[in-house]
Amino acid sequence: MDIAARESRYFFKTYNRLRLDIERGEGVHLFTKQGERYLDMFAGIAVNALGYNHPRVNSAIERQLKRYIHVSNTFYQDTQIELAERLIKLTGFARIFFTNSGTEALEGALKLARRWGRDARKTAIYGLTDSFHGRTLGSLSVSGRGKYRDGYEPFLPNTDLLAFNDVEELRQKVDQQTLAVVLEFVQGEGGVNLVSREYVLELARLREKYGFLIIADEIQTGVGRTGRFFAFDYFDIRPDIVVIAKALGGGLPLGAFMGEEKLSDVFTPGVHGSTFGGNPVACAAGIATLTELIDNGVMQNAEKMGGYLKGQLEMIRTSYPKYVADLRGLGLMIGVDLLVDGTKVVESLFEEKVLLNLTNNRTLRWLPPLIIRPEHVDYAVSRFEKVLRKIGTQ
């Protein structure tokens, strides 16, 4: 029985998997058990910021494994505290809580907001259309992607959606009873959509007027993906709570939410917790990841290479207007809207040994490792052009 048959036999049918049996990864490439090499241009969906088999991350993991893999969160753990200290000093937030995933971090952020707003009787929490915050019931309640919500109703009470970038609806719906607005400053699953500056400015004005919280979902965009540590750093606003994950753990499961000083005393012992959140091995990998990103210039590379990739893709868009409608993004998070069958493009790129992700049915999502170099960009873009030329001859 081959690996696909074995997977089909034992797993719930939740994934449409690529036809790859992975043996190992190195840098920006994945290698199959058959010896084939693939250029990975979506990095485990924005997780592998430092690519595969990074020596600093591997060494940090190995050192911590030899100490201990897990102890209860009733103990002090130096790796947790060191990572927390680095993140707090880097970002300016006041408090942090570690989780195992982005969704779990988003749930914790919702709980923090609920508990903060209970005395003021603030109850309404809004998400945005086309947003995606995770697959648990709470995160789905503020997610706007219909295909992920269908069949899981009813959602949490007092949750609703606001139309993305619709300033007038924002003004109409947000009021004194609003507890929080949850948003991605660059939507990932929704198609790499950037929130408008007008929307952000109005959101900030309304927060000042009504006193609600802004929760920034930086699960995909955060930890350097856009060329800055947070995507909201490109906008004239600061959220009250920020949620991060994906790249944070260097490939291991790790997430976190951080809050401003006014939220510091909302949680007390026992009201929130996690058995595995802030696992010491994952935190060790997180420390190594931050060191590479901040101290060794990887985040600057993301900004530089993001500009280069966007420029190359813009030339493709100009040359193939019948096939490419638009492109947008920040840093190394770029969406390319297609006018042709996106699934066919992804499959053809797969045959060319380039791995790319399709979201929103028509948007190629480029999320390469942040260590990518010009020659990797050139190869991927040349294969993309080859695929478009082939489509044009069919």
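Please treat every number below as a calculation from the coordinates, not as lab data. Bear in mind the structure is a predicted one, so any value in this text is a computation, not a measurement. Ideal geometry is used to build each Cβ from the backbone, glycine not excepted, and the neighbour counts take in all protein chains shown.
Brief remarks on what is shown
- Rounded to the nearest 20 debye, dipole of the chain from Cβ charges on Lys, Arg, Asp, Glu: 460
- DSSP-defined antiparallel bridges as percent of all bridges, the chain, nearest 5: 65
- A Gaussian network model of the chain, with springs between Cα atoms under 10 Å, assigns the largest mean-square fluctuation among 78, 217, 119 to 119.
- Where labels lie 7 Å past Cα in the beta-carbon direction, separation of residue 22 and residue 37 in nm: 1.8
- Loop sites in region 92-193: trypsin sites (Lys or Arg not before Pro), DSSP, at most 10 other Cβ within 10 Å: 121
- Size of region 73-231 from its Cα atoms: along the principal axes, largest to smallest, the extents are 47, 38, 37 Å.
- With an a/c value of 1.5 or above and a/b not larger than b/c for the gyration tensor axes a ≥ b ≥ c computed over the alpha-carbon atoms, region 179-289 is described as oblate.
- Residues listed by number, region 163-189, amide nitrogen under 12 Å from residue 209 label point at 7 Å toward C-beta: 168-176
- From least to most packed, judged by other beta carbons within 10 angstrom and beginning with the fewest, 391, 219, 3 follow the order 3, 391, 219.
- Cα gyration tensor category, rounded, prolate or oblate, for the chain with a/c compared to 1.5: oblate
- Over region 1-114, Cα pairs under 8 Å with separation of 6+ residues give a relative contact order of 12 percent.
- Database remark: amide H of residue 325 closer than 5 angstrom to the amide H of 337, 338, 339 (H placed geometrically; neighbours at sequence offset of 5 or more, or on other chains; Pro and chain starts carry no H).
- Shape of region 1-155, Cα gyration tensor, a/c cut at 1.5: oblate
- Simple spin-label estimate for residue 379 and residue 353 gives 0.7 nm between the two label positions (7 Å along the Cα-to-Cβ direction from each Cα).
- Relative contact order (%) - criterion: Cα under 8 Å, at least six apart; region: region 55-295: 29
- Region 300-343-region 1-74 distance, computed between alpha-carbon centres (Å): 27
- From the Kirkwood radius over Cα pairs of region 108-173, Stokes-Einstein at 37 °C and 0.692 mPa s returns a whole-number translational diffusion coefficient of 262 µm²/s.
- Residue with peak Gaussian network fluctuation, the chain [Cα springs, cutoff 10 Å], from 15, 320, 234: 15
- Near residue 52, the amide H atoms lying under 5 Å from its own belong to 26, 27, 28, 29; only residues 5 or more places off or on other chains count, and H is placed 1.01 Å from N.
- Residue among 200, 243, 186 with the largest mean-square fluctuation in a Gaussian network model of the chain, springs linking Cα atoms under 10 Å: 200
- Extended-chain gain in nm, criterion 0.36 nm per residue less alpha-carbon gap, residue 314 and residue 393: 26.3 nm
- Distance between the modelled labels on residue 118 and residue 339, one decimal in nanometres: 5.6 nm (7 Å Cα→Cβ projection).
- Residue order, fewest to most surrounding Cβ atoms within 10 angstrom, among 133, 29, 376, 54: 29, 376, 54, 133
- Translational diffusion of region 246-394, µm² s⁻¹ [Kirkwood Rh, Cα pairs; Stokes-Einstein; 10 °C; 1.306 mPa s]: 89
- Sorting 289, 159, 363 from the fewest to the most surrounding beta carbons within 10 angstrom yields 159, 363, 289.
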